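The values are calculated or read from the model by the stated rules, or taken from the named source; none is laboratory data. As the structure is a computational prediction, the values presented were derived from the model and not from experiment. As a convention, Cβ positions derive from the backbone with ideal geometry for all residues, glycine included, and neighbour counts pool all protein chains shown. The area values use the complete protein model at the heavy-atom level, side chains included, leaving out ligands, DNA and RNA. Shrake-Rupley method; radii C 1.70, N 1.55, O 1.52, S 1.80 Å.
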Amino acid sequence: MPTLRQLEYLVTIADTQSFVEAARLTNVSQPTLSQQVRALEDRLGVRLLERSTTGAIVTPVGRSIVAKARRMLSDARDIVGLATSASNDLTGTLRLGTTPTLGPYLLSPLIAELHRIAPGLKLHVRDGIPDDQMLELSRGNLDILVGPMPIAGEDLTVEPLFREPLRLVSAVDGELVTGERVGREALAEQPLLSLDPRHHLARQSAEIAGQYGMRIAPDYYGTSLDSLHQMVASGLGLSILPALYLKSDVGGSSGLTVLDVDGWKQHRSIAVAWRRQSSMEAAFRLIAEHVQLCARKLLDPIGSV
């Protein structure tokens, strides 16, 4: 029978299309990886990969086997998690995925509080593009995901947590900073700085720009919220930033003015997701509860007292 380690090698090669990168990710030498995949092919009696000097391409039968291998590896990790949680549901290491537009401004106080309540629960936090992380969650490479909606997947449990306001910001000396409320018509043709379009926030910003007649500035895509902050503060244009970022010590609003726009009620919805068959649901629901509590304190510190 194939071993789980051989299946892990195969899946990693399929994901990276590279023996070199797959060997690095699985922490083995390239000759060992190649030898084990050859042994897997010999045992199954089929060719799984087409090898070339530029990498590896999975054969049609290989793709079917890779899909089943993913499920087997995910089930194996859940078995380990079930054994770990048999004596205590709040122990072990969880791989938590989040987006760079949320995690750094929310998770620090959350992790400290969780460690106080459940010291045996460890969180390995990984930032990434939301669509990529949904795929990693389904594949079993992440255990839980906290990020902006939409989050979708037939194999996922998705729990909405809170709504985070989105603010339209300008440089402190911007032309729209008059001390008065800004009318919708004043935003027409204003340049709006945004992130790489792969981010949910970038797509949402584009929708908002369309509603208010603003234009996305394509030559100035930000690589992070901090880069948007800096570009806006320098006078390049307006931007839409999440409230948690503006309230955080890591981000903040230095050099910025939040514009008071007629009818502005923009927000994004934040949710938590995990695989339905996971054995760690008690830990996931604890995390969800404390994400809500932490966000409420940060967004409305007076009302949360």
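Structure values in brief
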| read-out | value |
| --- | --- |
| Region 139-160, subset surrounded by fewer than 19 Cβ atoms within 10 Å (Cβ to Cβ) and hydrophobic (A, V, I, L, M, F, W, C), residue nearest to Ser253 (Cα to Cα) | Met149 |
| Index of the failed condition, Leu241 passing every other in (1) within 11 Å of Val169 (Cβ to Cβ); (2) open to solvent by 60 Å² or more (accessible area, probe 1.4 Å); (3) hydrophobic (A, V, I, L, M, F, W, C) | (2) |
| Number of positions in region 130-151 that are assigned to a loop (DSSP other than H, G, I, E, B) and over 13 Å from the mean Cα position of the chain (by Cα) | 1 |
| Among the candidates Leu106, Leu110, residue that is more than 26 Å from Ser74 (Cα to Cα), at pLDDT below 85, part of a helix (DSSP H, G or I) and open to solvent by less than 30 Å² (accessible area, probe 1.4 Å) | Leu110 |
| Enumerated helices (runs of 4 or more DSSP H) restricted to region 1-47, each holding at least 1 residues that are open to solvent by 40 Å² or more (accessible area, probe 1.4 Å), in contact (Cβ under 8 Å) with a residue 12 or more places away in the chain and under 25 Å from Asp132 (Cα atoms) | 4-16, 19-26 |
| Those residues of region 51-60 which are farther than 20 Å from Glu136 by Cα and open to solvent by less than 90 Å² (accessible area, probe 1.4 Å), in sequence order | Arg51, Ser52, Gly55, Ala56, Thr59, Pro60 |
| Residue that is nearest to Leu121 (Cα to Cα) [pool: residues in region 269-283 that are surrounded by fewer than 21 Cβ atoms within 10 Å (Cβ to Cβ) and at pLDDT 85 or above] | Ala271 |
